[in-house]
Structures are given as C-alpha cells and as structure tokens.
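Visitor: Submitted below is the structure of interest, expressed as structure tokens.
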Amino acid sequence: MDKNDIKNTNLVRKSIAHTKDLLSTRKIRQLKVSDLISALNLSRSKFFRFFGNMNIILELVISEELERSYELIARTLLAGPDNPHLIAELNLLRAIYFRKNSILYNYYNGIFSLPKRYGTLIQAITTKEQQLYMSILSKQKYHMAADPSPIKLLPLFQDKTINQ
C-alpha cells in the first residue's frame, strides 16, 4: 500500500466517523453536503471527486451500522441449537437493535419521507440488509429456504410507502 492509498483509506475512515457523529444528532434529510465538507475539512470539489455524491458516504455509514447490528443479532440467535422460531426472533431482535442504534433508527424512521435522490441509497441498504438477514437464516435448518429469492423485510417504525 503506497502513501496515497493510506491517505485515501484514512480519509474514508475519517469521513465515516464524522458522518456517524452528524447522523447521531440529525436526520438524513437534514444532513447537507456542506455539513460533511465542513466536518471533514474538505473542499466541495474534493468531496465530490472522492465520493461522487452524499449517498456513497451515507451508504458506507449505514452499511457499517447494519453489519454491526446483525453481528450482534447473529451472536444472540446462533449461540444455541437450531431454533424453529428463528424468523420471529430475528425480526424482534432486528427491531430492538435498530431502535437502540440512533443512526439506523433515524434511517428507518425517515426512509419513507426521503426524496427520490436517495433512491440508490435505499436500494443499496435494502440489498445489504437482505444479504445480512439471509446469512443468519442460512446458518440454521429451520428457515424458509424453499424460495431462494431475496425476502421482503417488513418496514420498521412506520407504515407508509417509500417515495421513489
């Protein structure tokens, strides 16, 4: 790894950390590019050159939080023997862990009111969560593996449609 790679890796890590800090006190809808570039001490052009758009950094942050939450869920569920009630318990733990995580809570609580420009973010996070969910189910024999297509996860916290 050369100096430039190390510098870029550090920028990504720093960006994720600062974005997490901002998202722990604000909703995604309230977050602006100017907030990120100010927190990161970057020029606007460097931010867009490096990340492309705000959806990329948001996807990195939310994906990281999803992975952390699903890791905790998996440890809880998979510690014992195969569970015939795995899906019900998985859904319950998903709701509990997401409520405790301010970033995931704010994301899922506000997902239905996000403008269309967040469509790629929503799709990427939906795909990521389906993969994590199915990964847990695949580790036990009592799951619904008859249909290999991705499952549709129940929405959390609201009962509305997504603005896409």
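Visitor: How tilted is helix 86-100 with respect to the longest principal axis of the chain? Cα atoms for both, answer in degrees (0 to 90, nearest 10).
Guide: So the inclination is approximately 30 degrees.
Visitor: Between beta-carbons, use under 13 Å as the cut-off and find the net charge around residue 9, counting Lys and Arg +1, Asp and Glu -1.
Guide: On the way: positive: 3, 7, 13, 14; negative: 2, 5.
It works out to a net charge of +2.
Visitor: Right, another one. Once both axes come from the Cα atoms, what is the angle between helix 3-23 and the longest principal axis of the chain, in degrees from 0 to 90, rounded to 10?
Guide: Relative to the chain, helix 3-23 is tipped by roughly 70 degrees.
Visitor: Express the accessible area of the chain per residue in Å², computed with a 1.4 Å probe while the remaining protein chains stay in the model. Provide the component values of the computation, followed by the final result.
Guide: On the way: 9710 Å² over 164 residues.
Ligands and nucleic acids excluded, the result is 59 Å² per residue.
Visitor: Once neighbouring chains are kept in place and the probe is 1.4 Å, which whole percent of the accessible area of region 1-54 is contributed by carbon and sulfur? Display every interim value, and only then the final one.
Guide: Details: 1740 of 3530 Å².
Looking at region 1-54 in its full context, I get 49 percent from C and S.
Visitor: Still on this structure: Of 27/100; 20/100; 27/116; 32/100; 7/32; 14/46, which sit over 18 Å apart, Cα to Cα? Can you show the working numbers first?
Guide: Values: 27/100 15 Å; 20/100 15 Å; 27/116 16 Å; 32/100 24 Å; 7/32 24 Å; 14/46 14 Å.
Beyond 18 Å between Cα atoms: 32/100; 7/32.
Visitor: May I ask you to order 69-81, 2-14 by the average number of other C-beta atoms within 10 Å around their residues, highest value first? Intermediate results must be reported in sequence, preceding the final value.
Guide: On the way: 69-81: 14.2, 2-14: 10.7.
For the peptides 69-81, 2-14, the packing ranking is 69-81, 2-14.
The values are calculated or read from the model by the stated rules, or taken from the named source; none is laboratory data. Remember, it's a predicted structure, so these values are computed and weren't measured experimentally. Using ideal geometry, Cβ is built from the backbone for each residue, glycine included, and neighbour counts are taken over all protein chains shown. Each accessible area value is taken on the protein alone, full model and side chains, heavy atoms only, with ligands, DNA and RNA left out. Shrake-Rupley method; radii C 1.70, N 1.55, O 1.52, S 1.80 Å.
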